[in-house]
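One structure is given here, and the rest of the page talks about it.
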Amino acid sequence: MSSTGRPGAQAVQIGSLAVGAGPVVVLGGAPACRQGADGRWLRPRAGRAAEELAAARSGWDGPLLAEPASPGDAPAVAAHADGVVLAASAWSGAPALARAACALALPVVVTRGAGTSLDEWLTAAARCADEGARGVVLCEDGGAPGGGLAVDLGAARAARALSGRPVLAAPGDGAELAAAVVAAGADGLWLGAEAGEEAVAAAREAVTVVGALVRDEHPATLTAAREAIDRVDAALAVLLERRAGLAGTVQRLKPVGGFAGRDMERERRLVAAMARRAPLLGEERLAPVMNAVIEAGLHLAEQTRAAARRAHESGPRATDPDETQGTGSVGTRKAGRDDTRATGGGDTREAGGGDTRENGAERSPGGTEGGPHQGDLRRRAAVDAFAADGPDHD
Ligand SMILES: O=C(O)C(=O)C[C@]1(C(=O)O)C=C[C@@H](O)C=C1
């Protein structure tokens, strides 16, 4: 079982592309998707299959899927495509076309359309396998004109679990639902004919980042294993950047921000919580990792703060950087550092194990710590110390 609770699907090879094993694949319509897709699909116009498929193939040597309009298109599909697409109208209403498509001994994508039940869909897939298809992939598109919001992710998930076949989902021309498709456990995104490079890139990002979180992978080669690591690193980068932003917000909200306000008890607790989700690494291995992450966030916060302060000081009629940074501090900016130390701040590293209730306490909106006036002065002094000390801590 994967981390999404699905049994693994039997991978189907479409040209060079394995669908159902490894990462979620992105398929785009040809010829609009020039870049970024793992494979393309084409529905040639009636009577134009040979010409249009030849043209699509001449500009693309990756996996190409074709949807024949009639049995007469079969030779062109065999000549140029790596797989066949059977829409619901074909497998439910055009048996001769379905038979001709399966007889090509290519992988077949069986699409669920409007008004077709899960049972009918899975039965059609099984029939395609019996009639010669070299692997069957299911594709859920909901059947609404233009696809998109009609896609039934529950049906896609059930189809995968019941059949053991890879399942694609067609979220339309845009990538708004791409993350949801990946999170639902689909093996691929089938983008609409109008999806351009931007939609393909957004779908790729969802596949990479969301896939790293929800999709179990068991790569068997060095290249595949490194590619899987690259996806996890991509997700880590997104999360680290987001974490650094939030840590910067905390520094502005704390009575004493930056290294001076370091709260080692909070750090110990967050490492312990992470270890519950990462038991193989455990607290001992996670602690140095998180120490580095936290220090990177504090450095960034201090440097950002110092840069804002320099801009403020050199500006012609600059506004108070504390106001623009959202610190909400009031009072004079010249409050002394001795006041800061009185809050439990002071030297960065020594301050780490300091009074955590003081350092970690959220600022009260009314500024009532030790009386409104004194509280304001103390906060002001702490913010100044945070800015002044910034880049010196390394
Ligand atoms: O929670 C805080 O007090 C923070 O300043 C945030 C944070 C963190 O990055 O998670 C940073 C420094 C502290 O020592 C503890 C935690």
Percent antiparallel among DSSP beta bridges (both partners in segment 1-130, rounded to 5): 20
Arg305 accessible area, assembled protein chains, probe 1.4 Å, Å²: 0
Summed residue charge, Cβ within 10 Å of Gly20's Cβ, Lys/Arg positive, Asp/Glu negative: +1
Residues with amide H under 5 Å from that of Cys139, placed H, sequence gap 5 or more: Val110, Thr111, Arg112, Leu168
Antiparallel bridges, percent of DSSP beta bridges restricted to segment 12-217 (to nearest 5): 10
For segment 12-217, alpha-carbon Rg and Dmax in angstrom: 15.3, 45
³J(HN,Hα) computed for each position of segment 11-22 - Karplus, 6.51 cos²θ - 1.76 cosθ + 1.60, integer Hz, glycine/proline x: 5, 10, 8, 10, x, 8, 9, 8, 9, x, 10, x
Neighbour net charge for Ala98 - beta-carbon separation under 9 angstrom, K R +1, D E -1: +1
Phi-based couplings in Hz for segment 283-289 (Karplus 6.51, -1.76, 1.60; Gly and Pro marked x): 4, 4, 7, 6, 4, x, 4
Integer Hz, Karplus 6.51/-1.76/1.60 couplings in order for segment 102-109, x for Gly and Pro: 5, 5, 6, 6, 9, x, 10, 9
Counted charge near Gly83, where neighbours are those whose Cβ lies closer than 12 Å (Asp, Glu -1; Lys, Arg +1): 0
Long-range HN-HN contacts of Val85 with modeled amide H, under 5 Å: Ala66, Glu67, Val109
Size of segment 97-229 as Cα extents on the principal axes (Å, biggest first): 41, 37, 25
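The values are calculated or read from the model by the stated rules, or taken from the named source; none is laboratory data. Being a predicted model, the structure only gives us computed values, none of them experimental. Using ideal geometry, Cβ is built from the backbone for each residue, glycine included, and neighbour counts are taken over all protein chains shown. SASA here: full protein model, heavy atoms, side chains in, ligands and nucleic acids out. Shrake-Rupley method; radii C 1.70, N 1.55, O 1.52, S 1.80 Å.
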